[in-house]
Every structure is written in structure tokens, then in C-alpha cells.
């Protein structure tokens with residue numbers, strides 16, 4: 001189960017309205033390499049890890065990703081705060097408005113809704129962990145693209161924090177993968 | 001623990017990042033809790049920044065924000081060590097460092113909650129009337 005802590009993992013305090021960045025940041029909310037997908041993927045994969053190290057790591061990284069979902073949602077909410085209908089229209093957010101006004105909905109930057117297909121699970125530690133390592137690298141790339149598109153320090157600070165977490169998670173998944181190769185052999189589950 | 005696991009654990013310890021020397025801050029391979037927090041990473045060998053020349057400092061506007069930053073940093077140090085320990089469960093130095101941070105965080109949270117209200121529903125501040133859990137700030141408000 002989970003207990004809520006009434007704070008963010010890293011503070012988000014965006015003072016400047018920026019609808020372009022709000023729309024683009026949705027990629028890390030409801031996109032295939034986004035935080036929501038990452039959290040659900042790891043929490044779902046943990047049940048089929050072969051031993052307790054895997055249970056723990058997938059559980060703990062999946063839990064941390066939930067805190068990242070909350071950071072991204074906070075950034076999008078603050079970036080859209082006070083936006084007029086005309087402004088939403090100018091930045092292609094009227095489809096979001098029609099569905100949920102200023103509320104946020106898990107879609108990617110192109111407005112494609114979140115899909116359960118992003119939560120890949122093969123039930124084989126080698127397939128799953130190597131997929132997770134790749135997922136961390138893909139999310140790192142996305143954070144770099146996002147950082148290339150803004151100069152607002154209120155966004156760059158949390159984005160660079162989140163990007164570095166991808167680097168650390170990649171390393172831990174890799175350590176677990178290497179440990180399992182040592183323990184169970186190169187061939188994965190079978 | 002069977003012999004195979006013992007062998008693997010010894011192997012992992014030998015090649016671990018641990019070079020901790022008894023008091024946090026003295027460890028040459030780790031940032032301290034705040035320096036690690038603003039980088040998103042406690043382990044110096046994993047820090048790999050992009051675009052920014054130096055990490056952004058957190059600039060708390062008042063005492064409450066300052067205390068929360070300290071709690072953020074201690075919580076972060078615990079999270080990063082937790083993930084490390086998941087893959088290096090026999091690293092005694094990192095284990096004791098985790099527990100030092102855990103103890104310090106527990107004290108800071110108690111101090112914060114007494115002054116400013118609950119961070120979790122375990123807080124004694126929820127003895128007060130009326131129900132204070134709903135009080136602002138909620139974290140996404142900025």
C-alpha cells in the first residue's frame with residue numbers, strides 16, 4: 001500500500017504562464033516514455049521478478065515515479081494557470097479545454113491519450129529489465145528535448161532533477177540485470 | 001544465505017561505490033544530502049548534467065520553506081540510498097548512512113509538523129481542531 005506525503009519530491013514553483021511548454025510537458029505525463037507509464041510499468045512488473053532484490057527495486061523505483069507524475073502534473077497545472085480561451089486556442093490546447101477545461105488529462109504532447117499498451121511486461125527478468133533500462137534512456141532523451149525548448153529556470157531546475165533520476169534508475173536496473181545474469185545465466189528466465 | 005549468495009555479496013561489496021568514512025559529508029564518493037538533492041543524485045560517479053553549468057540552488061522564501069527544503073534533501077538522500085541498497089544489500093557503510101539520514105529526517109519532520117502542520121497522517125498535529133489535514137499548502141499549488 002502507499003502513504004501520501006504532502007509535499008513534492010522536488011519543489012515546483014513556476015511563476016510564468018507558458019502554454020507551449022504546458023502542452024509539450026504532457027509528453028512526460030501521458031506519453032509512452034512518460035512518468036505515468038514508467039510508474040505503472042515497474043509496479044506491474046515487480047510481481048514477476050525472480051527474487052527479493054527485484055521485488056524491492058521495481059517496487060521502489062515504481063513508487064518514486066509516482067512522485068514524478070505529481071511533479072509533471074504540478075508543472076503543467078502552474079503553466080496553464082489563468083490562461084484565457086484565446087491563449088489556449090493559440091497554443092493548440094482547445095481540444096484539452098473541450099474535454100477538461102483547465103484540468104489535465106493523461107495524453108502525450110500530440111494529444112494522444114495514455115494507453116495501457118505502454119505498460120509492457122514479459123514476465124521474464126531479462127526482457128523486462130532491459131526494456132526498463134531502455135525506458136530510462138528514452139525518458140532521459142525526452143527531458144533533454146524539453147530542456148532544449150525552454151530557458152525558464154523554474155522549469156529547467158525540476159526538469160534537470162528528473163533527467164538525472166533517469167540516469168540513476170538506469171544504473172540500478174543495469175546492476176540488477178547484471179546480478180541476475182551472474183545468478184541465473186545469460187538466457188533469462190528460460 | 002547459501003554460499004553462492006555469499007560469494008556474490010562479497011563480490012558486490014568489493015566493487016561497490018562505498019568509501020564512507022564514519023560521518024556523512026566525509027565521504028569522497030557522495031554528495032551531502034543538499035548537494036545531492038539539487039543534483040538529483042547522491043553518487044558523484046553517476047552525476048552527468050545536461051545543458052546547465054551548475055545545479056540550481058533552492059532559495060527558500062521563509063523559515064517554513066527552509067525547513068521543508070531540509071526535509072526534502074534528507075528524504076531525497078534516503079530515497080537514493082534505498083535504491084542503491086536494493087542492489088547492494090550488504091554494504092554496511094551505506095546502510096549506516098541511510099540510518100543516519102533516517103534518524104535526522106524523523107527529527108526534522110517532527111519539528112516541522114509541530115510548527116506548520118501535518119506532512120503525513122501520522123502527525124501529532126492532527127490532534128488539533130478543526131481537521132488540519134486539508135489546510136494549505138497543497139504541494140502542486142507552487
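The values are calculated or read from the model by the stated rules, or taken from the named source; none is laboratory data. Note that the coordinates shown come from a computational prediction; the quantities given were computed from them, not determined experimentally. For neighbour counting, all protein chains shown are included, and Cβ atoms are generated from backbone atoms with ideal geometry for every residue, glycine included.
Residues being more than 10 Å from chain B (Cβ to nearest Cβ) and loosely packed, with under 14 Cβ neighbours inside 10 Å: count how many of those fall in region A:163-190.
So the answer is 4.
Does any residue of region B:44-62 turn out to be in contact with a helix residue (DSSP H, G or I) (Cβ under 7 Å, 6 or more places away or on another chain), over 26 Å from residue B:111 (Cβ atoms) and part of a helix (DSSP H, G or I)?
yes
List the pairs whose first member sits in region B:102-120 and is more than 11 Å from chain A (Cβ to nearest Cβ) and on the phi < 0 side of the Ramachandran plot, whose second member is surrounded by fewer than 16 Cβ atoms within 10 Å (Cβ to Cβ) and not in a helix (DSSP H, G or I), and whose Cβ atoms are under 8 Å apart, counting only residues at least 6 apart or on separate chains?
Going by the 8 Å Cβ cut-off, there are no qualifying pairs.
Quick check on my filter: what residues within region B:113-142 are loosely packed, with under 14 Cβ neighbours inside 10 Å and under 16 Å from residue B:72 (Cα atoms)?
The one that is loosely packed, with under 14 Cβ neighbours inside 10 Å and under 16 Å from residue B:72 (Cα atoms): B:138.
Would region B:10-24 turn up any residue that is touching a strand residue (DSSP E or B) at 6+ places or on another chain (Cβ under 7 Å), more than 16 Å from residue A:10 (Cβ to Cβ) and either away from every other protein chain (no Cβ under 13 Å) or at pLDDT below 95 (or both)?
There is at least one residue in region B:10-24 that is touching a strand residue (DSSP E or B) at 6+ places or on another chain (Cβ under 7 Å), more than 16 Å from residue A:10 (Cβ to Cβ) and either away from every other protein chain (no Cβ under 13 Å) or at pLDDT below 95 (or both).
What number goes with the only condition from (1) touching a helix residue (DSSP H, G or I) at 6+ places or on another chain (Cβ under 8 Å); (2) outside any loop (DSSP other than H, G, I, E, B); (3) surrounded by 14 or more Cβ atoms within 10 Å (Cβ to Cβ) that residue B:65 does not pass?
(1)
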